[in-house]
Amino acid sequence: MATALPHSSSSTTDLFGHPRGLTYLFTVEMWERFSYYGMRALLVLYMVKHLFQPGNAETVIGYAALKAVYESMFGPLGVQPLASHVYGLYTGLVYLTPVFGGLLADRWLGQRRTVVLGAALMALGHFMMAYEPLFLFALFVLILGNGAFKPNISTQVGSLYAPDDPRRDRAFSIFYVGINLGAFFAPLVSGTLGESLGWHYGFAAAGVGMTIGLVIYLYASRTLPPDVRTTRLAAGDERPFGRDEWRAILALCVLTIPVTFFWATYEQAGNTIALWADGYTDRRVAGAVEIPVTWFQAFNPFMIFAFTPFIVALWAWQAQRGREPSSVAKMAYGCFLNAAAHIILFAAALSAGAGKASWLWLTAYFVVLTIGELYLSPTSLSLVTKVAPARILSMMMGVWLATSFTGNFVAGYLGSFWSGMGKSDFFLMIAAIAALAGVVVLVLARPVNAVLKH
């Protein structure tokens, strides 16, 4: 369905069976995710414990206006509910702007220059976080930078391979490990600096990480294939979309609906789960050493690169027997595993009663949630690069990433119920939403598979 992409597959540039460019893109994405998750690990705690407290909030430019807008929609808001809404708005817009970043690359700048622009903006935004009055402006700059960076780094992974290259799915699994390697170290470094030395040290560490990523990308540009836009213009490819291309676009758009609700529930991990770890979890190990709250944010990315080889091996074993699930079925399983993870915390809240739950409950939660993510996220990224028309590949990747926009916006709304609900009821509500998303994906599986031929 998708037209052929420019690709680089010369054996002279291969490293460990993949184009050398994959190694560089892996490393650049690792540092970008280090910066994003390092800042995200601190964001809610920073707002709740410091920035939005009386005496500090008044110094933030635009705070009063933003609070007034939210209170006009949701009524009076305390510090935690307002922080949850801001978190949801930020993480949501981070995944909406890639639509426009993809369009910018496809139509005007090309993927490479758009990635450089995005990386520079994100580095600037992280350093701006060190100055409290510019907090909201810093978030805005980070949002714009992510929008330019995110869809165009992912599509370049697919462009390294010919359309029928069987290494493509494995390449995205490797790339996804890079994402989570950065996300694993981010809370350990930025989170520890922020909690022990001061919030701004943690944000500065995120800025340094993004700057390193930008330098590596500039060095690696010689190993990357030409931009899709450059190749298309050189070939004079301005023909209208054919029927199969329109069917592929429609199929991807249909799938975005239930996937939105996967992310709405998954993103509680950086919001209400941080509050559960802080106030409702016994974090003592062997009765003495206490696990820092932000370290729990490292559980998921660590498990990603620990579990990925086993998941990939399982799929290969199933494929040999003709039993590997389709891409869409894997997405449904991811939703159901997400629901199961929140059922674990539902049980933890019931068992703890008025006391605190063991940190082992959170560990079990992250194990199941991580496996669900592995079934849904890298599979879907690979799917987009295989079926989306090459002429709008970056924009379609942005559209796919935008499922996290509405998902994160809803996640912030759901998180605002945290303070007013019993914790077991809250986790049960989240589990029900994730399970419903899985049911919808299963209902859509047959017609969508017929279109995508997967």
Original post:
Which of the helices (runs of 4 or more DSSP H) contained wholly in the range 17-117 include at least 2 residues that are over 30 Å from residue 305 (Cβ atoms)?
Top reply: 63-74, 79-94, 97-104
Original post:
Which members of the range 272-302 meet the condition of being of a type in the set (A, V, I, L, M), open to solvent by less than 20 Å² (accessible area, probe 1.4 Å) and farther than 26 Å from residue 421 by Cα?
Top reply: 298
Subject >> Those residues of the range 94-112 which are closer than 19 Å to residue 224 by Cβ, in contact with a Leu (Cβ under 8 Å, 6 or more places away or on another chain) and either surrounded by fewer than 22 Cβ atoms within 10 Å (Cβ to Cβ) or of a type in the set (Ser, Thr, Tyr) (or both), in sequence order >> reply: 109, 112
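Please tell me if residue 432 is without any contact (Cβ under 8 Å) to a residue 24 or more places away in the chain, more than 18 Å from the chain's Cα centre (by Cα) and open to solvent by 50 Å² or more (accessible area, probe 1.4 Å). Working first, answer last.
Details: without any contact (Cβ under 8 Å) to a residue 24 or more places away in the chain: no; more than 18 Å from the chain's Cα centre (by Cα): yes; open to solvent by 50 Å² or more (accessible area, probe 1.4 Å): yes.
Criteria not met by residue 432.
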**OP:** State whether one or more residues within the range 215-238 are modelled with pLDDT of 80 or more, under 23 Å from the mean Cα position of the chain (by Cα) and open to solvent by 60 Å² or more (accessible area, probe 1.4 Å).
**Re:** yes
Original post:
List, please: which pairs have Cβ atoms under 8 Å, are six or more places apart or on different chains, and start with a residue in the range 190-203 that is under 18 Å from residue 31 (Cβ atoms) and modelled with pLDDT of 90 or more and end with one that is outside any helix (DSSP H, G or I) and open to solvent by 10 Å² or more (accessible area, probe 1.4 Å)?
Top reply: 203/130
Subject >> Count - residues of the range 43-70 that are closer than 23 Å to residue 196 by Cβ, of a type outside the set (A, V, I, L, M, F, W, C) and in contact (Cβ under 8 Å) with a residue 24 or more places away in the chain >> reply: 4
Subject >> Matching residues in the range 402-454 - criterion: being over 30 Å from residue 144 (Cβ atoms), small (Gly, Ala, Ser) and assigned to a helix (DSSP H, G or I) >> reply: 419, 420, 424, 431, 432, 434, 435, 438, 445, 450
Original post:
Does residue 154 count as assigned to a helix (DSSP H, G or I), open to solvent by 10 Å² or more (accessible area, probe 1.4 Å) and of a type in the set (S, T, N, Q)?
Top reply: no
Original post:
Where residues in the range 355-376 are touching a Leu at 6+ places or on another chain (Cβ under 6 Å) and open to solvent by 10 Å² or more (accessible area, probe 1.4 Å), which of them is farthest from residue 311 (Cα to Cα)?
Top reply: 368
Original post:
Quick one: is residue 329 small (Gly, Ala, Ser), farther than 20 Å from residue 179 by Cβ and either assigned to a helix (DSSP H, G or I) or open to solvent by 30 Å² or more (accessible area, probe 1.4 Å) (or both)?
Top reply: yes
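Any chance the range 139-147 includes a residue that's open to solvent by less than 40 Å² (accessible area, probe 1.4 Å), free of Cβ contacts under 8 Å to residues at least 40 places away in the same chain, within 17 Å of residue 39 (Cβ to Cβ) and in a helix (DSSP H, G or I)? Quick ask: steps written out before the conclusion?
Going residue by residue through the range 139-147, those that are open to solvent by less than 40 Å² (accessible area, probe 1.4 Å) are 139, 141-143, 145-147.
Cutting the leftovers down to free of Cβ contacts under 8 Å to residues at least 40 places away in the same chain gives us 141, 145.
With within 17 Å of residue 39 (Cβ to Cβ) added as a condition, the list becomes 141, 145.
Those left that are additionally in a helix (DSSP H, G or I): 141, 145.
Yes, because at least one residue in the range 139-147 is open to solvent by less than 40 Å² (accessible area, probe 1.4 Å), free of Cβ contacts under 8 Å to residues at least 40 places away in the same chain, within 17 Å of residue 39 (Cβ to Cβ) and in a helix (DSSP H, G or I).
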Subject >> Pairs with Cβ under 7 Å, 6+ apart, first in the range 98-111 and under 20 Å from residue 140 (Cβ atoms), second of a type in the set (Val, Ile, Thr) and in a helix (DSSP H, G or I) >> reply: 99/399; 101/114; 104/114
Original post:
Could you list, in sequence order, the residues of the range 393-404 that are modelled with pLDDT under 85 and either farther than 26 Å from residue 102 by Cβ or crowded, with 24+ Cβ neighbours inside 10 Å (or both)?
Top reply: 393, 394, 401, 404
Original post:
Name the residues in the range 102-130 that are under 18 Å from residue 221 (Cβ atoms) and not hydrophobic (A, V, I, L, M, F, W, C), would you?
Top reply: 110, 111, 112, 113, 114, 118
**OP:** Could you tell me which of the residues 32, 58 is open to solvent by 30 Å² or more (accessible area, probe 1.4 Å), of a type in the set (D, E, K, R) and modelled with pLDDT of 85 or more?
**Re:** 58
Original post:
Which one of these does residue 390 not meet: (1) touching a Pro at 6+ places or on another chain (Cβ under 9 Å); (2) modelled with pLDDT of 85 or more?
Top reply: (2)
Subject >> Only listed residue being over 19 Å from the mean Cα position of the chain (by Cα) and either open to solvent by 10 Å² or more (accessible area, probe 1.4 Å) or not polar (S, T, N, Q) (or both), chosen from 121, 136, 89 >> reply: 136
Subject >> Within the range 346-398, tally of residues that are among the basic types (Lys, Arg) and under 21 Å from the mean Cα position of the chain (by Cα) >> reply: 1
Original post:
Of all residues in the range 193-203 being surrounded by fewer than 19 Cβ atoms within 10 Å (Cβ to Cβ) and part of a helix (DSSP H, G or I), which is farthest from the chain's Cα centre (by Cα)?
Top reply: 196
**OP:** Within the range 124-133, count every residue that is open to solvent by 50 Å² or more (accessible area, probe 1.4 Å) and in a helix (DSSP H, G or I).
**Re:** 2
Subject >> Odd one out for residue 53, checked against (1) open to solvent by 60 Å² or more (accessible area, probe 1.4 Å); (2) farther than 26 Å from residue 116 by Cα; (3) modelled with pLDDT under 90 >> reply: (3)
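The values are calculated or read from the model by the stated rules, or taken from the named source; none is laboratory data. A quick note: this is a predicted structure, and the numbers were derived from the prediction, not measured. Positions of Cβ are generated from backbone atoms using ideal geometry, with glycine treated the same way; all protein chains shown enter the neighbour counts. Remember, those area values only see protein heavy atoms, side chains included, never the ligands or the DNA or RNA. Shrake-Rupley method; radii C 1.70, N 1.55, O 1.52, S 1.80 Å.
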